[in-house]
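S.K.: This is the structure, below, for whatever I ask next.
What follows draws every value from the coordinates through simple rules; no lab data is involved. In this text, all values refer to a predicted model and were calculated from it rather than measured experimentally. Methodologically, a virtual Cβ is constructed for each residue, glycine included, from the backbone with ideal geometry; neighbour enumeration extends over all protein chains shown.
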Amino acid sequence: MEHDLIEIGHITDHNRIESITREIILTLPAWFDAAGQKNYPVENQQKYFLAATKKGKAIGFIAITDIDSTTAEIHCIGILEDEHGKGIGTKLINAAKAYCLDGGRDVLLVKTLDASAHYPPYDKTRRFYESKGFVSRRLIAGFWGAENPCLEMIWLPGTDSNRRPGD
Ligand SMILES: CC(C)(COP(=O)(O)OP(=O)(O)OC[C@H]1O[C@@H](n2cnc3c(N)ncnc32)[C@H](O)[C@@H]1OP(=O)(O)O)[C@@H](O)C(=O)NCCC(=O)NCCS
């Protein structure tokens, strides 16, 4: 069977960033609560924003924050739920790693829900990051309040294979 081509593109138009983010995270209520649904479409407009498209339709995105000259951080990533497990998240993470390296940075961070929350949807999310070479770095108490323990994970370029991401 022929696979549909997935394209990864840099989006700068704020209205498109807002609508892509909103449409996708509204399909992901197990991961994004009402505050996330309200805030990410606005916040992502200020980020480096990449969209994954299939036949012209956006099916996933990643938004990256430039922290400083050494470090970038994944602010938010989401794939339409019926497209999970097809390698689209991997393409977006590889593009984020390439963006990080191309900008001369050598640290990529992500904050996610810690295992101590005992919330299965985010168990899958952490396994995804682990499979992409991220390791647990620290717990940040109180970052999202006591109910939502925050785990910061880190990716360092040397920890992948010797290939450049995306090669
Ligand atoms: C997490 C997410 C971005 C992953 O994207 P995806 O396209 O489904 O992931 P991929 O198909 O590229 O899978 C990549 C790897 O993760 C693993 N993985 C993906 N989903 C998994 C799951 N549900 N359980 C276990 N492992 C999983 C795959 O086995 C694969 O491993 P491999 O590369 O070693 O073969 C996507 O599922 C998603 O949008 N989740 C909801 C939103 C979310 O969690 N955002 C992050 C908030 S911090």
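S.K.: Show me the ranking of peptides 111-120, 50-59 by mean Cβ neighbours inside 10 Å, starting with the highest. Intermediate results must be reported in sequence, preceding the final value.
M.R.: Values: 111-120: 14.6, 50-59: 16.7.
Packing order, densest peptide first, comes out as 50-59, 111-120.
S.K.: Further question on the same structure: Could you work out the local net charge near Arg105, counting Lys and Arg as +1, Asp and Glu as -1, over the other residues with Cβ closer than 13 Å to its Cβ?
M.R.: Numbers: positive: Lys97; negative: Asp66, Asp68, Glu73, Asp102, Asp106.
Summing Lys/Arg as +1 and Asp/Glu as -1 gives -4.
S.K.: Okay, next question. Using only helices, what value at 222 nm comes out for the chain when you add -39,500 (n - 2.57) per DSSP H run of length 4 or more and divide by the total residues, to the nearest 500 deg cm²/dmol?
M.R.: On the way: 4 runs with 49 residues, N = 167.
Value at 222 nm, helices only: -9000 deg cm²/dmol.
S.K.: Right, another one. Near Arg138, within a Cβ-to-Cβ distance under 15 Å, what is the net charge of the other residues, with Lys and Arg +1 and Asp and Glu -1? Before the final figure, lay out each step's value.
M.R.: Working: positive: Lys111, Arg126, Arg137; negative: Glu73, Asp114, Glu152.
Computed value for this residue: 0.
S.K.: Measure off 7 Å from each Cα along the Cα-to-Cβ vector at Leu5 and Ala117, then give the distance between these two points in nanometres to one decimal.
M.R.: 3.7
S.K.: Shape of the stretch 58-150 from its Cα gyration tensor (a ≥ b ≥ c, root eigenvalues): rounded if a/c is under 1.5, otherwise prolate when a/b > b/c, or oblate? Walk me through the intermediate numbers first.
M.R.: Details: a/c = 1.95, a/b = 1.13, b/c = 1.73.
It is oblate, given that a/c is not under 1.5 and a/b is not larger than b/c.
S.K.: Follow-up. From the phi angles alone, apply the Karplus equation (6.51, -1.76, 1.60; θ = phi - 60°) to the stretch 137-150 and give each ³J(HN,Hα) in whole Hz, x where the residue is Gly or Pro.
M.R.: Values per residue, Gly and Pro as x: 10, 6, 8, 10, 4, x, 4, 10, x, 5, 6, 10, x, 9 Hz.
S.K.: What FRET efficiency, computed as 1/(1 + (r/R0)^6) with R0 = 45 Å and r the Cβ-Cβ distance, is obtained for Thr90 and Ala146, rounded to the nearest 0.05? Could you put the intermediate results ahead of the total?
M.R.: On the way: r = 33 Å, r/R0 = 0.73.
That gives a FRET efficiency of 0.85.
S.K.: Taking 7 Å along the Cα-to-C-beta vector as the label spot, tell me the Arg16-Lys38 distance in nanometres, rounded to one decimal.
M.R.: Distance between label points: 2.9 nm.
S.K.: Can you sort Phe128, Phe49, Phe61 by how many other beta carbons sit within 10 Å, fewest first?
M.R.: Phe128, Phe49, Phe61
S.K.: Related question: So if I take the centroid of the Cα atoms in the stretch 76-125 and the same for the stretch 32-55, what is the distance between those two points in Å?
M.R.: The distance from the Cα centre of the stretch 76-125 to that of the stretch 32-55 comes to 13 Å.
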